[in-house]
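First the structure, in the form of structure tokens, and then the observations on it.
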Amino acid sequence: QVQLVESGGGLVQAGGSLRLSCAASGRTFSTYAMGWFRQAPGQERDFVAAINWSGSVTYYADSVKGRFSISRDNAKNTVYLQMNSLKPEDTAVYYCAATETGGQLWVQRGYGSWGSGTQVTVSS
């Protein structure tokens, strides 16, 4: 297991940008694929973006393609989510997750470690 701590959330106006960070503990961060998920009030938690262990492969939900970008720095044990052109419907708690398995990184049940989340609020 790896411990994950998200940061970078906050309140931003529509059209603005935020960069979320997820810091991981442990020496084996580079062996994990990482994902970002989000949960809006009263809704289920949904996939946002994922990145493989080396950063060479990324996946995005259709709703964020072209606006969000996931990246990682294995030397810093950190994964990032750059969010541009934010919309009110992006308002949610954003969670970082880690998995040692490959495969369908957009599927939540494959992730064994989760952070506690960071709130992102986009005002209209």
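The values are calculated or read from the model by the stated rules, or taken from the named source; none is laboratory data. Small disclaimer: the values here were computed from a predicted structure and weren't measured. Virtual Cβ from ideal backbone geometry, glycine too; neighbours counted across all protein chains shown. The accessibility values were calculated without ligands, DNA or RNA, using every heavy atom of the protein model including side chains. Shrake-Rupley method; radii C 1.70, N 1.55, O 1.52, S 1.80 Å.
Take the conditions without any contact (Cβ under 8 Å) to a residue 60 or more places away in the chain, over 12 Å from the mean Cα position of the chain (by Cα) and open to solvent by 30 Å² or more (accessible area, probe 1.4 Å) and apply them to Glu44. Does it pass? It would help to see each step written out before you state the result.
Numbers: without any contact (Cβ under 8 Å) to a residue 60 or more places away in the chain: yes; over 12 Å from the mean Cα position of the chain (by Cα): yes; open to solvent by 30 Å² or more (accessible area, probe 1.4 Å): yes.
So Glu44 passes the test.
Looking at Val93, Val79, Val64, Val57 in this structure, which one is under 14 Å from the mean Cα position of the chain (by Cα), open to solvent by 10 Å² or more (accessible area, probe 1.4 Å) and among the aliphatic types (A, V, I, L, M)?
Details: Val79 fails: open to solvent by 10 Å² or more (accessible area, probe 1.4 Å); Val64 fails: open to solvent by 10 Å² or more (accessible area, probe 1.4 Å); Val57 fails: under 14 Å from the mean Cα position of the chain (by Cα).
Being under 14 Å from the mean Cα position of the chain (by Cα), open to solvent by 10 Å² or more (accessible area, probe 1.4 Å) and among the aliphatic types (A, V, I, L, M) holds for just one of Val93, Val79, Val64, Val57, which is Val93.
Of the numbered conditions (1) of a type in the set (A, V, I, L, M, F, W, C); (2) over 18 Å from Trp114 (Cβ atoms); (3) in a loop (DSSP other than H, G, I, E, B), Val2 fails exactly one; give the number of that condition.
If we test Val2 against (1) of a type in the set (A, V, I, L, M, F, W, C); (2) over 18 Å from Trp114 (Cβ atoms); (3) in a loop (DSSP other than H, G, I, E, B), just (2) comes out false.
Determine which single condition Met83 fails, assuming it passes every other condition in (1) modelled with pLDDT under 95; (2) in contact with a Lys or Arg (Cβ under 9 Å, 6 or more places away or on another chain).
Met83 satisfies all of (1) modelled with pLDDT under 95; (2) in contact with a Lys or Arg (Cβ under 9 Å, 6 or more places away or on another chain) except (1).
Have a look at Ala23, Ala50 and point out the one that is under 13 Å from Trp106 (Cα atoms) and either assigned to a strand (DSSP E or B) or in contact with a helix residue (DSSP H, G or I) (Cβ under 7 Å, 6 or more places away or on another chain) (or both). Even if it seems obvious, please write down each step before you answer.
Values: Ala23 fails: under 13 Å from Trp106 (Cα atoms).
After applying the criteria, what remains is Ala50.
I'm told Ala98 meets every condition in (1) closer than 15 Å to Glu6 by Cα; (2) surrounded by fewer than 18 Cβ atoms within 10 Å (Cβ to Cβ) except one. Can you identify the failing condition by its number?
With respect to (1) closer than 15 Å to Glu6 by Cα; (2) surrounded by fewer than 18 Cβ atoms within 10 Å (Cβ to Cβ), Ala98 is out only on (2).
If you check Val57, Val48, which single one turns out to be of a type in the set (Val, Ile, Thr) and closer than 20 Å to Ser116 by Cα?
Just a single option satisfies the conditions, and that option is Val48.
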